[in-house]
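The values are calculated or read from the model by the stated rules, or taken from the named source; none is laboratory data. Worth saying up front: this structure is predicted, and the values here are computed from it rather than measured. So basically every Cβ, Gly included, is an ideal-geometry build from the backbone, and we count neighbours across all protein chains shown. Accessible surface is based on the protein model in full, side chains and every heavy atom, while ligands, DNA and RNA are left aside. Shrake-Rupley method; radii C 1.70, N 1.55, O 1.52, S 1.80 Å.
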Amino acid sequence: MLEIKNIHAKAGDKNILKNLNLSVKPGEVHAIMGPNGSGKSTLGNLLAGMPHVEATEGSVHFKGKNLLELEPEERAGEGVFLAFQYPVEIPGVNNMYFLRTAYNAQRKYRGEEGIDSAGFLRMVKDKINKLHMKDDLLKRPVNVGFSGGEKKRNEVFQMAVLEPSLAILDETDSGLDIDALKIVADGVNQLRDSNRSFIIITHYQRLLDYIEPDYVHVLADGQIVKSGSKKLALELEEQGYGWLDA
Amino acid sequence: MSERNEAVIDNKLVRQRASERYKEGFYTNIESITIPPGLDEDTIRLISAKKKEPEWLLEYRLNAFREWLKMPTPDWAKLNVPEIDFQAISYYSSPKTKAENAPKSLDEVDPKILETYEKLGVPLHERERLAGVAVDAVFDSVSVGTTFRKELAEAGVIFCSFSEAVQDHPELVREYLGTVVPPRDNYFAALNAAVFSDGSFVYIPKDTRCPMELSTYFRINANHTGQFERTLIIAEDNSYVSYLEGCTAPMRDENQLHAAVVELIAKDEANIKYSTVQNWYPGDEDGKGGIYNFVTKRGLCAGIKSKISWTQVETGSAITWKYPSCILRGDHSSGEFYSVALTNNYQQADTGTKMIHLGKNTKSTVISKGISVGKSQNSYRGLVRVAKRADYARNFTQCDSLLIGKECGAHTFPYTESGNMTAKLEHEATTSKISEDQLNYCLQRGIPEEEAISLIVDGFCKQVFKELPMEFAVEAKALLDVSLEGAIG
Ligand SMILES: Nc1ncnc2c1ncn2[C@@H]1O[C@H](COP(=O)(O)OP(=O)(O)O)[C@@H](O)[C@H]1O
Ligand SMILES: [Mg+2]
């Protein structure tokens, strides 16, 4: 599904990712952990095609396509979704309208018919109930006046509606209380199936109590320095990142 | 006090300038009677004679003209205005069929003119009229027809062209003309008072809620002419009217002058809602041609608890110089100004409002959204003045600018003058910034750039659009999208 080979990438004019390799197969959940500033968000932004991140070497293939050649909205159409570490506010644009615009734009990209507002509303209500989130999320302007937790939940809700084939969650668990964390984890688990993959960027092991990863990778200084099973996350929790340098 | 929120959207695609599609830019080939260019007292006598005006009105014009000659051209706005040759402009142009006797019914209007309005989406004919909206159609210097007159007359509402009002209701015109915007007010107001040709007249009697939306559609068609319209709206005690104006002009390389004056008078507990969708030809992508739009609009809240609300969506004109204002004389009166001004290519806009608080407990609200694209310059200029006796006056101002690209400019000039300690001039922080992050967020969700910008801009303008009558809000959004076209490559 996703093949990252020997990637070197800059954020702004700073070299961040250094010779990074990662392979994600359909249905797999990969957790990426690592200290602040190690390049986790840069990796997510690179995959999503955010303009301030640029690959200087290496390749990224997604479902056989050269991902780096695609515009960000094309990548979304191909099924790449990024839950942002800091979701953005868009005043005056209601969440539901925003999502329908996105949903229809992705369908159009794939050569599929758009959906009308009534049909969309039904679908979205159904999803929001399944996620145990509140309806008022739909009417409010995108992320405006949302609490930190609400913003993160909104990302998960958007993911549930857009049904990506690769979802990258960038610290979606940060700043959440345990109930919110469960809602987020539940959202991911509901979507898990044999064709859909996840890259879960997180700082803490606790999210992984609820979302069981197939692999855990440790990112340090722009490189994956260690990979393992979910046991690795527990070791990190106990010992911190310091022992990796030793 | 004012709050300013400025942000820049710029990225690799924000390069190519607009090649705007101005679908209203066509010319209607009809015979017209246009007086030769030039401006002196004889020109004014000629206009007045063509309109068979009473002596007092001719005197009014001539006095204004004499004042105008003494006035310097204003240079305080942040605008680069090329010198205007007032002798090169024709001050009166009328379709031939209309020239002598005003058609009594729309059936007598030249079919080509009817067709023009149809093409502009403002059908005048009985069968196709916009439901619930009465239209006065002004074509160059004259009104060619007004719809729904009978229905309005039954409610006691007078809605007719200004010229007709002079003939049929001279006492009203004489009583109110120039009381809110006196001829000496400013350079362009004086010019208008001297040479104004046509516009709309509205009178809403006491205790009357105008049964439908009123609107005027201004169309410049002839070349080398200026349009100098005059609009007067009087709302008696406890009445309500919602009025909307729209305007367009053919695409031409020459610049054409439009200098209008609008006066509103709201008596006790009267409420006037005045909306503008300004779409004059803005010039081409190199800044060639376009309308110079120099307009004086002012409302007087004369009575207690009266209310005047201005809403404007300004996307057209090469140069816009316009400050719809409220004089809040009645105690507890309120004034509102909601504005979206979008400039693209080489357009320049200097627009805003004045809220003059004279009465006690008067209240004003100013929401201004400026969007600059291309190489355009967009300024907000506002004054809030609180007179000594205006106890407990309140103002809220919010001023947001959005820049798309790096070659445009946004400027804010808020002025306040308060002579009363109890006045409360406040601002609220705007909730969020418009930024490249927003664009990226939309892109990541699969929304292509052009659609994303339109979505963000629409959201940015929401506070203003929601003040427009429904059908016009849709039009305003569409207009904004067209004006944004080419904002990205
Ligand atoms: N736009 C940018 N320009 C310059 N440096 C950046 C930019 N974005 C991130 N960085 C830098 O890249 C490094 C890695 O950042 P990031 O990927 O956000 O780390 P993490 O998500 O692991 O905390 C940090 O040193 C950060 O300051
Ligand atoms: Mg990060």
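Would you mind calculating the relative contact order of the stretch A:2-244 from Cα pairs under 8 angstrom and at least 6 residues apart, reporting the percent as a whole number? Once divided by the residue count of the stretch A:2-244, the mean separation gives 28 percent. Proximity of backbone amide H atoms, modeled 1.01 Å from N, is registered between B:A349 and B:T320, B:Q377, B:N378, B:S379 at under 5 Å, excluding neighbours fewer than 5 places apart on the same chain. The relative contact order of the stretch A:175-246 comes to 24 percent, based on Cα pairs under 8 Å that sit 6 or more residues apart. Chain B packed on chain A takes about 2200 Å² of accessible surface away from a 1.4 Å probe, both sides summed. Placing +1 on the Cβ of every Lys and Arg and -1 on the Cβ of every Asp and Glu, with no other charges, gives the stretch A:71-199 a dipole of roughly 360 debye about its Cα centre. Where only DSSP H runs of four or more residues are counted, chain A gives -11000 deg cm²/dmol as its mean residue ellipticity at 222 nm, each run worth -39500 (n - 2.57). Loop sites here are GluC sites (Glu not before Pro) outside DSSP states H, G, I, E and B with no more than 16 other Cβ atoms within 10 Å. The longest part of chain A free of them is A:114-246. As a rough guide to protection, the peptides A:101-109, A:41-49 ranked by mean Cβ packing within 10 Å, highest first, stand as A:41-49, A:101-109. Any chance you could check the Cα centroid distance between the stretch B:243-271 and the stretch B:61-81 for me, in angstrom? Value for the Cα centre distance between the two parts: 19 Å. Here the accessible area is traced with a 1.4 Å probe on the protein chains. For the protein assembly as shown, carbon and sulfur cover 48 percent of it. Across the stretch A:2-244, Cα-Cα pairs farther apart than 33 Å form 15% of the total.
Would you list which lysines come within 20 Å of A:K108, measuring only between C-alpha atoms, while excluding same-chain residues fewer than 8 positions from it? Within the straight-line cut-off, A:K108 pairs with A:K63, A:K65. For B:T365, the residues whose amide H sits under 5 Å from its own are B:G335, B:E336, B:F337, B:F396, ignoring neighbours fewer than 5 places away on the same chain, with H placed 1.01 Å from N. At a probe radius of 1.4 angstrom, the accessible area of the protein assembly as shown per residue rounds to 39 square angstrom. Remark: mean inter-chain Cβ contacts per residue of A:104-114 equal 2, using a 10 Å Cβ-Cβ cutoff to other protein chain atoms. The mean number of Cβ atoms from other chains found within 10 Å of a Cβ in peptide A:92-102 is 5, as a whole number. With the charge dipole of the stretch B:114-212 set up from +1 on Lys and Arg Cβ and -1 on Asp and Glu Cβ about the Cα centre, the Cα lying farthest toward the positive end among the listed residues B:V195, B:P205, B:S143 is that of B:P205.
Most simply put, the stretch A:2-244 has about 60% antiparallel DSSP beta bridges, counting only bridges with both residues inside it.
Checked against a 31 Å cut-off, the cross-linked pairs B:K96/B:K119; A:K127/B:K273; B:K297/B:K462; B:K112/B:K477 give Cα-Cα distances beyond that limit for A:K127/B:K273. The magnitude of the dipole of chain B, with charges of +1 and -1 set on the Cβ of Lys/Arg and Asp/Glu and taken from the Cα centre, is near 1120 debye.
Ordering B:Q87, B:S306, B:V474 by Cα displacement along the dipole of the protein assembly as shown toward the positive end leaves B:S306 in first place; charges were set at the Cβ atoms of Lys, Arg (+1) and Asp, Glu (-1).
If one computes the Cα centroid of the stretch B:156-209 and of the stretch A:49-87, what distance in Å separates the two points? Rounded to whole Å, the Cα centres lie 61 Å apart. Bridging of B:K424 to aspartates and glutamates at a Cα separation below 15 Å is possible for B:E3, B:D391, once same-chain residues fewer than 8 apart are set aside.
Computed packing ranks the peptides B:327-339, B:287-299, B:178-190 as B:327-339, B:287-299, B:178-190, most packed first, by mean other Cβ atoms within 10 Å. Just so you know, the Rg over Rh for chain B is 0.95, from Cα atoms, with Rh as the Kirkwood radius.
3J(HN,Hα) along the stretch B:196-206, derived from phi through the Karplus expression 6.51 cos²θ - 1.76 cosθ + 1.60 where θ = phi - 60°, amounts to 4, 10, 9, x, 10, 10, 10, 10, 10, x, 3 Hz, with x in place of Gly and Pro.
Select from the stretch B:443-462 all residues whose loss of accessible area on going from the chain by itself to the full protein assembly reaches 10 Å² or more (probe 1.4 Å). Residues shielded by partner chains are B:L443, B:Q444, B:R445, B:G446, B:I447, B:P448, B:E451, B:L455, B:I456, B:G459, B:K462. Charging the Cβ of each Asp and Glu at -1 and of each Lys and Arg at +1, and nothing else, the dipole of the protein assembly as shown about its Cα centre rounds to 920 debye. In the structure shown, the pairs A:K134/B:K369; B:K267/B:K388; B:K363/B:K388; A:K151/A:K231 are assessed against 24 Å; a Cα-Cα span above that value is assigned to A:K134/B:K369; A:K151/A:K231.
Prolate is the label for the protein assembly as shown. Its Cα gyration tensor axes, ordered a ≥ b ≥ c, give a/c of at least 1.5 and a/b above b/c.
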